[in-house]
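All remarks here apply to the structure that follows.
The values are calculated or read from the model by the stated rules, or taken from the named source; none is laboratory data. All values reported here derive from a predicted model rather than from experimental measurement. With ideal geometry, Cβ positions are generated from the backbone for all residues, glycine too; neighbour counts draw on all protein chains shown. Heavy atoms of the whole protein, side chains included, go into the accessibility calculation; ligands, DNA and RNA do not. Shrake-Rupley method; radii C 1.70, N 1.55, O 1.52, S 1.80 Å.
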Amino acid sequence: MPPADTKASTGTHRVDASASISTNPNPSGPEPGSEPQPDAATDTAAGRMSPGHPGYLRMRLALFTAGLATFALLYSTQALLPAISDDLRVQADQASWSVSAATFGLALTVVPLSALSERFGRRAMMTASLTVAVALALLVPFAPNLGWLIALRAVQGAALAGIPASAMAYLSEEVHPKALVGAIGLFVAGNSVGGMSGRILTGWVADAWDWRAALAAVGAMALLCAVAFRLLLPKARHFTPAAVSPRALGRTLAGHLSDPLMCRLYAIGALFMTVFGGVYTVIGYRLVAQPFGLSQSLVGSIFLIYLVGTVSSAGTGKLVGRLGRRGALYVAATTTAAGLLLSLLNSIAAVLAGLVLITAGFFAGHAAASSAVSRTAKTGRAQAAALYQASYYIGSSVGGALGALAFHAAGWGGTVAIGLIAVGGVAAITLYATRKAKAERRAEAARRELCGVPA
């Protein structure tokens, strides 16, 4: 989730100072009186944290716990949907809104909260977001009906948006550029571990007690993470509050949304997440039913397959280097489609293999598209990334809702059909971009030939 900001987004220097992690490493000035005393472990020029600095390890652990809590809470009901359906006597398409509402809430608020963090500070925004989200997590298990459960989850998702909106900006401001990749890596690892462990924890606790106890367990885990986060995270020394200009922000967002390439990347992220959200929202219903008949704990353990995504996303850079961005997207779409088709077989081995391919393809496609957003945006990079996140989570919400609706109407085959349509959309967009690039190259070659310029 690249955090990069630019001056164009708010009209202030502060936004520019927290710009691209990789392309704008120049440090901003610290708040008056807050400059740390130089020591052997502190960069004497910038005063930013690096390995060996007394606050560096604390910062990494703090953001790991924040990432873990965020994704454990965001998808806490996903592995529990069959149990929620049974207890509340609702269909899969209705219960799925307990997941979609949270991701939709996050999608709606990630852009405004990214702007508010410029005014109130990254640390304050993350603390407030975690506090509200954990408080709601302790209330969610007591939801008397599905309507209350969905409403609480929507507000919880909106609260969680303050964490991805602020964490990367905090890192870009407080960590020495040479140490930034490692710091970001641990935060992203927290996201992955949180998404996986939250689902596994809820599956096992629900099997022993019920889904309400499972959600309470995730809430308790998130509470511990929130306390650790607040105690561990060092105070910001390089943040300067900046006034937020809604007009300037609106111009930046409009600029990104009027860029055809950026819109294609946003659509690709949303379509990949439509597949992923639909598959993992519904897979529990398929696996607890015949011919599989798995327990809730085993269904929760299926999410260990997320580890495949960690490997897949890490290798995407090499794939893009060999095949180009569009080549990588073709491979990701093909892999995802193959997994969807394989999962149609009534064999647990085939279903698991299908999930592995779907997960690998999704993470590769997501990594290729999201990294391209940061490289493509020349101004307002934080807002470009926030718009990608918004479209990404809208895709998750739509995929979960449509996948569950299709499952209710036509079984697993219906969910697969929704996924194949979305993957087809990715392929169509990529094919259009490929043809457009070839036409532009031909036009450029013709222009050079006409002007007598060597190719």
### Query
With labels modelled as points extended 7 Å from the Cα through the Cβ direction, what inter-label distance (nm, one decimal) is found for residue 258 paired with residue 227?
5.2 nm
### Query
How large is the dipole of region 335-455 about the Cα centre if only Lys and Arg carry +1 and Asp and Glu carry -1, each at its Cβ, rounded to the nearest 20 debye?
560 debye
### Message
Using protein chains only and a probe of 1.4 angstrom, how many square angstrom of residue 448 are accessible, to the nearest 10?
### Response
80 Å²
### Amide hydrogen neighbours beyond the local backbone of residue 175, cut-off 5 Å, H modeled
49
### Task
With θ set to phi - 60°, apply the Karplus curve 6.51 cos²θ - 1.76 cosθ + 1.60 along region 114-121 and write out the HN-Hα couplings as whole Hz, x wherever there is a Gly or Pro.
5, 6, 5, 5, 5, 8, 9, x
### Query
Under the Karplus relation 6.51 cos²θ - 1.76 cosθ + 1.60, θ = phi - 60°, what is the ordered set of whole-Hz ³J(HN,Hα) values for region 217-228, x standing for Gly and Pro?
5, 5, x, 5, 4, 5, 4, 4, 5, 5, 5, 4
### Message
So with the 1.4 Å probe, I'd like the accessible area per residue for region 108-149, rounded to whole Å².
### Response
42 Å²
### Message
Which of rounded, prolate or oblate describes region 345-435 when judged by the alpha-carbon gyration tensor and an a/c cut-off of 1.5?
### Response
prolate
### Task
Please get the size of the charge dipole for region 195-263, origin at its Cα centre, with Cβ charges of +1 on Lys and Arg and -1 on Asp and Glu, quoted in debye to the nearest 20.
420 debye
### Message
If you roll a 1.4 angstrom probe over the protein chains with everything in place, what fraction of the accessible area of region 362-455 belongs to carbon and sulfur, to the nearest %?
### Response
66 percent
### Task
At 0.36 nm per residue, minus the direct Cα-Cα distance, what do residue 139 and residue 207 gain on full extension? Give it in nm, one decimal, please.
22.4 nm
## Note on the structure
Averaged per residue, the 1.4 Å probe accessible area of region 222-347, protein heavy atoms only, in Å², is roughly 44 Å²
### Message
Residue by residue through region 279-286, what is 3J(HN,Hα) from phi via Karplus (6.51 cos²θ - 1.76 cosθ + 1.60, θ = phi - 60°)? Round to whole Hz and write x for glycine and proline.
### Response
5, 7, 6, 9, 4, x, 4, 5
### Query
Which value, in Å², gives the accessible area per residue of region 399-455 when a 1.4 Å probe is used on the protein heavy atoms?
58 Å²
### Message
Given a 1.4 Å probe and heavy atoms of the protein chains only, how would you sort 173, 444, largest accessible area at the top?
### Response
444, 173
#### Entry: Efficiency of FRET from Cβ geometry, residue 344 and residue 428, R₀ 30 Å, rounded to 0.05
0.85
### Query
How large, in percent, is the carbon and sulfur part of the accessible surface of region 55-133 at a probe radius of 1.4 Å?
63 percent
## Note on the structure
1/(1 + (r/R0)^6) with r = Cβ-Cβ of residue 439 and residue 119, R0 = 30 Å, i.e. FRET efficiency to nearest 0.05, evaluates to 0.10
### Query
Regarding region 229-300, what are the three Cα extents along the principal axes, ordered largest first, in Å?
58, 44, 17
